[in-house]
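The values are calculated or read from the model by the stated rules, or taken from the named source; none is laboratory data. The shown structure was predicted, so the numbers you read here are calculated from the model rather than taken from an experiment. Cβ atoms come from the backbone with ideal geometry, glycine included; neighbour counts cover every protein chain shown. SASA here: full protein model, heavy atoms, side chains in, ligands and nucleic acids out. Shrake-Rupley method; radii C 1.70, N 1.55, O 1.52, S 1.80 Å.
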Amino acid sequence: MLKTGFRKTSHPSRDSGDKYSVLLPTYNERENLPLIVWLLVKYFGESGYNYEIIVIDDGSPDGTLEVGEQLQKIYGKDKILLRPREKKLGLGTAYIHGMKHATGNFIIIMDADLSHHPKFIPEFIEKQKEGNYDLVSGTRYSGNGGVYGWDLRRKLISRGANFLTQVLLRPGASDLTGSFRLYKKKVLESLVERCVSKGYVFQMEMIVRARQLKYTVGEVPISFVDRVYGESKLGGNEIVSFVKGLLTLFATT
């Protein structure tokens, strides 16, 4: 029998019936959006999981939505869903808006600025299945997780914020302020309904409320890389708001 060096390759298929809806809130992410979408398509394609990407753009003046329209032409409207809003209305409402259009039974939230690498998503999914967790959170502060590209000031602020939350709230999770997570859709809907915080405190409150409601939390170590294009949105006002929000949660939970 004649043998050749050619081997036909095909993507693995997962027939579990699960579907993963990735919510990407954007504001001025014109340069980053094509890259993050390409990476998402690549890693979902290689792992064989069913998915859709929902872009929630809040009226970006840099043309982010127009870039999204071009991506729809490349990857198809079944994979890239554009659900824009007229202006910035907050992260919590962006998730609510995105979930209304999500057809998956799992929701993945992540930043569109390339600080969260899609290569970790298959690990999130495997972790969730391993323990049937209600949510899986990426952690920079456990295992081989880490932060790259931040200066000393930013690292100190992040470490300090995480330490304060651990001491005051005892959440049972190592990274509260991160925003790279996988949720069962019904769990995320339940948590968003109860959360009242805005800005950087919102992600922290999600974990605290999850603990209150006895939801199970799994963790996957991730490498967080500072944004490639654009400017960081962390400033003095955000730090003050974080401290106020933390004290409010401490007093009310």
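A few notes on this one:
- Largest to smallest accessible area among 225, 196 [probe 1.4 Å]: 196, 225
- Distance in nm between pseudo-label sites at residue 38 and residue 105 (7 Å out along the Cβ direction from Cα): 3.4 nm
- Charge tally in the Cβ shell below 12 Å around residue 139, where Lys, Arg are +1 and Asp, Glu are -1, residue 139 excluded: 0
- Pairwise centroid distance, computed over Cα atoms, of region 85-112 with region 21-58, Å: 12 Å
- Taking all protein chains together and rolling a 1.4 Å probe, residue 130 ends up with roughly 130 Å² accessible.
- Rounded to the nearest 10 Å², the accessible area of residue 79 at probe 1.4 Å: 50 Å²
- Tensor-based shape of region 29-85 (alpha-carbon gyration tensor, a/c under 1.5 rounded, otherwise prolate or oblate): prolate
- Of the residues 35, 70, 135, the one whose Cα sits farthest towards the positive end of the charge dipole of region 20-154 is 135 (charges of +1 on Lys and Arg Cβ, -1 on Asp and Glu Cβ, taken about the Cα centre).
- Annotation: Cα Rg of region 31-159 relative to the compact-globule expectation 2.2 N^0.38 Å equals 1.13.
- 29 Å Cα-Cα threshold exceeded, pairs from 42/127; 119/184; 87/129: 87/129
- Rounded to the nearest 20 debye, the dipole size of region 21-159 about its Cα centre is 300 debye, using +1 on the Cβ of Lys and Arg and -1 on the Cβ of Asp and Glu.
- Rounded to the nearest 0.05, the FRET efficiency derived from the C-beta distance between residue 213 and residue 16 at R0 = 25 Å is 0.45.
- In summary, the aspartates and glutamates within cross-link reach of residue 19, defined as a Cα separation below 14 angstrom excluding same-chain residues under 8 places away, comprise 52, 78, 126.
- Projected label points at residue 77 and residue 93, each 7 Å from Cα along the beta carbon direction, are separated by 2.7 nanometres.
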